[in-house]
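Below is one structure, written out as structure tokens, with a few remarks after it.
The values are calculated or read from the model by the stated rules, or taken from the named source; none is laboratory data. None of the values given here were measured: they were computed from a predicted structure. Here the Cβ is made from the backbone with ideal geometry for all residues, glycine too, and neighbour counts use every protein chain on show.
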Amino acid sequence: MKVSIVTVTFNSGATLQHTIDSIAYQDYPNIEYIIVDGNSTDNTVDIINVNSDVVSKMITEADHGLYYAMNKGIKMATGDIVGILNSDDFYHRKDAISKIVEGFSDSTTSCVFADVRFVRHDNLGKTLRYYSSEKFNLGAFSWGFMPAHPTFFTYRENFEKFGYYNTSYKVAADFELLVRFLYRHKLSYKYIPVDLLKMRFGGLSTSSWKITLIINHEDLRACRENGLNTNYIRLYSRYFRKILEFIPFGKH
């Protein structure tokens with residue numbers, strides 16, 4: 001089985017080499033690695049070019065945002081299954097992709113996902129938050145919970161059949177796509193009980209209260225557009241439950 005992994009970059013020079021190294025580190029042999037760059041002005045393109053032995057395809061040109069670029073990369077993919085790896089995230093285990101492929105060994109499985117560790121940006125060995133997808137069920141979407149999107153892989157043909165990331169969403173197109181694939185179209189899924197990758201703590205979705213407002217507005221919209229009933233009370237209540245994911249003082 002061929003696996004396509006898409007990374008979107010824009011001035012990602014500070015972290016991109018680490019991300020690429022984590023691809024090279026994998027023990028799975030059949031990986032197509034695609035980087036879609038949005039005309040970076042730092043050393044991002046130089047890093048991509050010197051890693052041509054790992055990067056299968058790359059394109060650098062102006063685009064219309066993160067989700068537009070993700071779609072571009074997915075449409076460039078030729079693998080059987082496709083996943084997204086952000087330019088400041090990395091697979092910290094050598095068998096990460098092997099584990100994902102094992103999850104598709106059952107022919108009835110259409111999607112696979114796992115867990116994520118959020119780590120300190122200045123100490124990648126220290127876990128600040130552990131996001132587990134283990135207890136996910138379809139009803140969790142109405143509370144604003146979803147499987148860890150950076151661990152989500154599905155067959156490329158599902159994008160062709162059910163659509164790509166909805167670029168009219170500013171920050172929650174990943175949530176909307178998962179609701180659409182798993183809830184609306186009932187694609188079968190399997191949870192893999194491993195912490196698949198590490199994410200540097202922070203990012204767009206945790207950057208400000210204004211972003212939080214947009215996220216909840218778009219999550220409500222995503223649910224309603226895909227036939228799932230919810231409300232703002234439910235969506236905002238998730239922040240109390242998220243506290244349990246944080247690990248006091250960090251943890252290895």
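Conditions tested, residue by residue: (1) at pLDDT 95 or above; (2) exposed (fewer than 14 other Cβ atoms within 10 Å of the Cβ); (3) touching a Pro at 6+ places or on another chain (Cβ under 7 Å); (4) not in a helix (DSSP H, G or I).
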site	(1), (2), (3), (4)
215	no, no, no, no
223	yes, no, no, no
227	yes, yes, no, yes
235	no, no, no, no
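Is there a residue being in contact with a Phe, Trp or Tyr (Cβ under 8 Å, 6 or more places away or on another chain), surrounded by fewer than 20 Cβ atoms within 10 Å (Cβ to Cβ) and aliphatic (A, V, I, L, M) anywhere in region 166-181? No, because not a single residue in region 166-181 is in contact with a Phe, Trp or Tyr (Cβ under 8 Å, 6 or more places away or on another chain), surrounded by fewer than 20 Cβ atoms within 10 Å (Cβ to Cβ) and aliphatic (A, V, I, L, M).
Any residue that is among the hydroxyl-bearing types (Ser, Thr, Tyr) and within 18 Å of residue 219 (Cβ to Cβ) - is there at least one of those in region 132-153?
Step one: filter region 132-153 for residues among the hydroxyl-bearing types (Ser, Thr, Tyr), giving 132-133, 142, 151.
When the remaining residues are screened for being within 18 Å of residue 219 (Cβ to Cβ), the result is 133, 142.
Checked region 132-153: at least one residue is among the hydroxyl-bearing types (Ser, Thr, Tyr) and within 18 Å of residue 219 (Cβ to Cβ).
Is there a residue in region 85-99 that is closer than 26 Å to residue 229 by Cα and within 16 Å of the chain's Cα centre (by Cα)? Within region 85-99, not a single residue is closer than 26 Å to residue 229 by Cα and within 16 Å of the chain's Cα centre (by Cα).
Taking helices (runs of 4 or more DSSP H) that do not extend beyond region 1-82, which have at least 3 residues that are closer than 19 Å to residue 150 by Cα?
Details: elements: 16-24, 44-50, 66-76.
Here the list reads 16-24, 66-76.
Among the candidates 116, 194, the residue that is among the aliphatic types (A, V, I, L, M), within 14 Å of the chain's Cα centre (by Cα) and assigned to a strand (DSSP E or B) is uniquely 116. Flag: residue 33 does not match the condition of being under 19 Å from the mean Cα position of the chain (by Cα), more than 27 Å from residue 102 (Cβ to Cβ) and among the hydroxyl-bearing types (Ser, Thr, Tyr). Filtering region 83-113 to residues that are part of a strand (DSSP E or B) and either under 19 Å from residue 1 (Cβ atoms) or aliphatic (A, V, I, L, M) (or both) leaves 83, 84, 111, 112, 113.
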